[in-house]
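So that we are looking at the same thing, I have put the structure below in structure tokens.
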Amino acid sequence: MADKEIVRTERAPAPFQGAPYNQAVKAAGFVFVAGQLGLKPGDKEPVQGIAEQTEQVMQNLRAILEEAGTGLDRLVKTTVFLQHFDDFAAMNEVYARHVGDRPPARSTVEVAKLPSGALVEIEAVALL
């Protein structure tokens with residue numbers, strides 16, 4: 001069994017500023033997705049607004065998970081990083097629409113700063 005397989009899709013942003021990481025890695029029956037920002041593929045600046053950024057993040061996660069052969073319905077753990085915890089309710093409303101009635105375990109933390117001035121970043125682990 002291969003120890004890990006790299007996942008890459010053009011339907012989600014490439015690693016931030018060419019940094020040494022991958023969009024996702026498949027290993028041990030899981031897919032580990034790097035933190036996603038509210039960036040459209042090819043853009044350098046996030047879309048405007050917390051709800052819009054969260055929607056784009058979830059679209060990016062969906063695209064990467066589909067490329068890996070799984071989907072948002074197979075999420076087991078997410079970590080949400082918020083620039084401002086006051087954005088929690090707006091982020092949560094969009095997030096809830098995408099994770100369905102059996103959401104993953106989740107941690108949500110406020111951070112000092114996110115790349116590109118983003119308001120939200122979400123990383124994820126899903127079953128294959």
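Go through (1) more than 21 Å from Gly117 (Cα to Cα); (2) open to solvent by less than 20 Å² (accessible area, probe 1.4 Å); (3) not hydrophobic (A, V, I, L, M, F, W, C) and name the single condition Tyr95 misses.
The one condition Tyr95 does not meet is (1).
Another question, then. From Leu82, Leu75, grab the single residue that is surrounded by 15 or more Cβ atoms within 10 Å (Cβ to Cβ), in contact (Cβ under 8 Å) with a residue 40 or more places away in the chain, in contact with a helix residue (DSSP H, G or I) (Cβ under 9 Å, 6 or more places away or on another chain) and aliphatic (A, V, I, L, M).
On the way: Leu82 fails: in contact (Cβ under 8 Å) with a residue 40 or more places away in the chain.
Criteria check complete, one pass: Leu75.
Going through the range 107-118 one residue at a time, which ones are closer than 24 Å to Lys40 by Cβ and open to solvent by 30 Å² or more (accessible area, probe 1.4 Å)? Let's see the steps before the verdict.
Start the filter on the range 107-118 by keeping residues that are closer than 24 Å to Lys40 by Cβ, which leaves 108, 111, 113-118.
Passing the criteria: Thr108, Val111, Lys113, Pro115, Ser116, Gly117.
State which residue pairs qualify: first residue in contact (Cβ under 8 Å) with a residue 60 or more places away in the chain and inside the range 98-117, second residue surrounded by fewer than 13 Cβ atoms within 10 Å (Cβ to Cβ) and in a loop (DSSP other than H, G, I, E, B) in any location, beta carbons under 7 Å apart, and separation of 6 or more residues or different chains.
Short answer, once both residue conditions are applied: Ser116/Lys44; Ser116/Glu45.
Taking Ile50, is it of a type in the set (Val, Ile, Thr), crowded, with 19+ Cβ neighbours inside 10 Å and more than 21 Å from Ala126 (Cα to Cα)? Give the steps one after another, and end with the answer.
Numbers: of a type in the set (Val, Ile, Thr): yes; crowded, with 19+ Cβ neighbours inside 10 Å: yes; more than 21 Å from Ala126 (Cα to Cα): yes.
Spelling it out, Ile50 is indeed of a type in the set (Val, Ile, Thr), crowded, with 19+ Cβ neighbours inside 10 Å and more than 21 Å from Ala126 (Cα to Cα).
Any idea which of Glu67, Glu121 is open to solvent by 50 Å² or more (accessible area, probe 1.4 Å), charged (D, E, K, R) and under 14 Å from the mean Cα position of the chain (by Cα)? Give the steps one after another, and end with the answer.
Details: Glu121 fails: open to solvent by 50 Å² or more (accessible area, probe 1.4 Å).
When all the criteria are applied, what remains is Glu67.
The values are calculated or read from the model by the stated rules, or taken from the named source; none is laboratory data. What you are looking at is a predicted structure, and each value in this text was computed from that prediction instead of being measured. Quick reminder, even Gly has a Cβ in these numbers, built from the backbone with ideal geometry, and neighbours come from all protein chains shown. Note: areas computed on protein heavy atoms with side chains; ligands, DNA, RNA excluded. Shrake-Rupley method; radii C 1.70, N 1.55, O 1.52, S 1.80 Å.
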